[in-house]
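Chemist: Just passing along the structure, written as structure tokens.
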Amino acid sequence: MRFRKVRWGYVATRESAKRLLMCGDFMRLDSAWSRFATVETDPDEQLLGAQAVGICGEASIVWEDEEDLSGRRQKAFDALRDQPHRRAL
């Protein structure tokens, strides 16, 4: 799996709290790039494809950093994949 254009930000909730989210693209081996969003909930919620495009395109999102976090995401995924007791997605 590969990642690109990964960034994080937040949306202010009605309770004046910040709901964190991460948006980006991923590609499984032998497939096309797909959009993803991870939204901080309990437990975290994963959105893919059109749902991710919708939430990641909301004007109310405050993006925390312009840095592309793809490298960090890739390292975290690779570390998880390389652990013998875990199954990679």
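Every read-out reported here was derived from the displayed coordinates using simple, explicitly stated rules and does not represent laboratory data. It should be emphasised that the depicted structure is a prediction, and the values quoted were computed from it without experimental measurement. With ideal geometry, Cβ positions are generated from the backbone for all residues, glycine too; neighbour counts draw on all protein chains shown.
Chemist: Please specify each residue of the stretch 23-42 satisfying the condition of being in contact with a helix residue (DSSP H, G or I) (Cβ under 8 Å, 6 or more places away or on another chain) and touching a residue at least 24 places away in the same chain (Cβ under 8 Å).
Modeler: Cys23, Gly24
Chemist: Could you please find all residues in the stretch 43-79 being touching a residue at least 40 places away in the same chain (Cβ under 8 Å) and of a type in the set (Lys, Arg)?
Modeler: Arg72, Arg73
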